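Here the structure comes first, spelled out in structure tokens, and everything after it is commentary.
The values are calculated or read from the model by the stated rules, or taken from the named source; none is laboratory data. Keep in mind the model is a prediction, meaning the values are calculated, not measured. Note that we place each Cβ from the backbone using ideal geometry, even for glycine, and neighbour counts take in every protein chain shown.
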Amino acid sequence: MGTHEFQQDDRNRSILINVNGEILPRDAAKISVFDSGFLLGDGVWEGIRLHNGHLAFRDEHIDRLFSGAESIGIDIGKSKEEIVTIIHETLKANSMESDVHLRLIVSRGLKKTPYQHPNANEGGPTIVVIPEYKKADPEVNKKGIRLGTVSIRRATEKTQDPKLNTLSKLNCILACIEADALGYDEGLMLDINGNVSTCNSTNFFMVRGGEVWTSAGDYCLNGVTRGNVISLCAEHDIPVFQKDYLVDDVHSADECFVTGTFAGVIPVVEVDGNIISGGGRGPLTEKLQMLYKERIEMLYPKS
């Protein structure tokens with residue numbers, strides 16, 4: 001059981017995908033082997049939820065996409081409004097209204113030859129929108145997941161900036177593979193200083209004495225759901241701290257949970273063989289799940 005467990009939906013076999021403005025059936029949606037994303041993992045991406053006809057936290061995701069592209073020198077070649085229009089055109093073509101998770105991908109585009117320098121590129125970026133019907137498995141939100149601390153450390157902004165949502169995810173993939181080999185659902189990753197940073201595909205939080213702790217944020221993705229949980233804590237007088245702490249603190253935590261765009265707030269019931277909150281969902285975790293769900297419904301109601 002993992003953070004991305006979802007209920008199978010046969011409609012995904014016939015989804016339409018947007019590749020550079022062309023709406024194509026799933027089996028026909030392809031990019032060139034000379035694309036920068038395929039050759040080098042050179043690009044940025046976002047995962048966005050469609051809820052009741054609304055793109056949840058749209059502006060935060062689009063802003064992060066453009067900021068990441070700018071940081072690695074990619075000119076998306078379209079305005080933020082045009083990107084949003086492309087997304088909505090794709091959703092309209094699929095007659096999608098809710099319970100959809102979409103992947104928005106921007107690579108540096110086609111290469112004349114397999115070479116990393118941007119001067120080998122020709123034409124503009126490749127822009128892809130992949131929408132799928134996806135509802136998180138409700139059992140994950142109740143029963144929780146198991147984490148194992150992995151040896152793979154988070155990078156730094158001087159190597160591969162971990163705050164950027166790039167296509168180059170080898171660091172996280174290796175952490176995922178190691179955690180899986182250890183028999184865990186996700187890997188808990190430390191930063192270069194040995195402090196707890198994040199998980200391989202979600203942001204990590206722990207609870208101690210009624211306080212919520214998460215990393216200082218220097219070596220983890222600036223998660224949209226992470227930011228929402230931090231602000232929800234502040235709004236509801238739940239002490240929340242972005243700070244450095246050790247995995248030993250996690251082993252003796254009252255509760256732990258992770259956050260992500262797809263499943264929201266997910267309980268953690270075990271870390272490195274240490275049972276957390278009696279092996280079940282903790283009360284503060286459950287409260288934050290409820291508060292996050294209420295925020296979504298308030299911001300993005302049914303028409």
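Only residues that are of a type in the set (Asp, Glu), in contact with a Lys or Arg (Cβ under 6 Å, 6 or more places away or on another chain) and crowded, with 18+ Cβ neighbours inside 10 Å: list them for segment 231-278, please. Give the steps one after another, and end with the answer.
To start, the set of residues in segment 231-278 that are of a type in the set (Asp, Glu) comprises 235, 237, 244, 248-249, 254-255, 270, 272.
From the residues that got through so far, the ones that are in contact with a Lys or Arg (Cβ under 6 Å, 6 or more places away or on another chain) too are 254, 270.
Selection gives Glu270 alone.
Please indicate, with yes or no, whether at least one residue in segment 74-97 is assigned to a loop (DSSP other than H, G, I, E, B) and under 19 Å from the mean Cα position of the chain (by Cα).
Filtering segment 74-97 for residues assigned to a loop (DSSP other than H, G, I, E, B) gives 74-79, 94-97.
Next, only the ones that are under 19 Å from the mean Cα position of the chain (by Cα) stay: none.
So far as segment 74-97 goes, no, none of its residues is assigned to a loop (DSSP other than H, G, I, E, B) and under 19 Å from the mean Cα position of the chain (by Cα).
Please find, among Asp237, Asp218, Asp244, the residue that is more than 16 Å from the chain's Cα centre (by Cα) and under 23 Å from Trp45 (Cα atoms). Full working, then the answer.
Details: Asp237 fails: under 23 Å from Trp45 (Cα atoms); Asp244 fails: under 23 Å from Trp45 (Cα atoms).
None of the other options fit; the residue is Asp218.
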**Item:** segment 269-303: number of residues that are assigned to a strand (DSSP E or B) and without any contact (Cβ under 8 Å) to a residue 12 or more places away in the chain
**Value:** 1
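Can you tell which of Asn203, Asn195 is surrounded by fewer than 20 Cβ atoms within 10 Å (Cβ to Cβ) and not hydroxyl-bearing (Ser, Thr, Tyr)?
Numbers: Asn203 fails: surrounded by fewer than 20 Cβ atoms within 10 Å (Cβ to Cβ).
Criteria check complete, one pass: Asn195.
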**Request:** For residues that are in a helix (DSSP H, G or I) and touching a residue at least 40 places away in the same chain (Cβ under 8 Å), scanning just segment 48-64, find the one that is nearest to Leu299 (Cα to Cα).
**Result:** Glu60
**Request:** Tell me which of these Ile130 doesn't satisfy, since it passes every other one: (1) in contact with a strand residue (DSSP E or B) (Cβ under 6 Å, 6 or more places away or on another chain); (2) outside the structural domain of Asn18 (by TED's automatic domain parsing); (3) within 30 Å of Ile31 (Cβ to Cβ).
**Result:** (2)
**Asked** Can you tell me which residue in segment 257-302 is farthest from Ile48 (Cα to Cα), limited to those that are out of contact with any strand residue (DSSP E or B) (no Cβ under 9 Å at 6 or more places or on another chain) and not aliphatic (A, V, I, L, M)?
**Response** Asn274
**Asked** Since Ser36 meets every condition but one in (1) of a type outside the set (A, V, I, L, M, F, W, C); (2) surrounded by fewer than 19 Cβ atoms within 10 Å (Cβ to Cβ); (3) touching a Lys or Arg at 6+ places or on another chain (Cβ under 6 Å), which condition does it not meet?
**Response** (2)
**Asked** In segment 12-47, what residues are touching a residue at least 12 places away in the same chain (Cβ under 8 Å) and among the charged types (D, E, K, R)?
**Response** Arg13, Arg26, Asp35, Asp42, Glu46
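Only one of these is assigned to a strand (DSSP E or B), outside the structural domain of Thr126 (by TED's automatic domain parsing) and touching a residue at least 12 places away in the same chain (Cβ under 8 Å): Gly187, Gly194, Gly183, Gly217. Name it.
Details: Gly194 fails: assigned to a strand (DSSP E or B); Gly183 fails: assigned to a strand (DSSP E or B); Gly217 fails: assigned to a strand (DSSP E or B).
Checking each option against the conditions leaves just Gly187.
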**Request:** Test Ser231 against the criterion of being outside any strand (DSSP E or B) and modelled with pLDDT of 95 or more, and give yes or no.
**Result:** yes
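Listed here are the residues, each with its yes/no results for (1) farther than 27 Å from Asp137 by Cβ; (2) in a loop (DSSP other than H, G, I, E, B).
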| site | (1), (2) |
| --- | --- |
| Gly2 | no, yes |
| Gln8 | no, yes |
| Asn12 | no, no |
| Ile23 | yes, no |
| Asp27 | no, no |
| Ile31 | yes, yes |
| Gly37 | yes, no |
| Glu46 | no, no |
**Set Phe34, Phe57: member being of a type in the set (A, V, I, L, M, F, W, C) and at positive phi** = Phe57
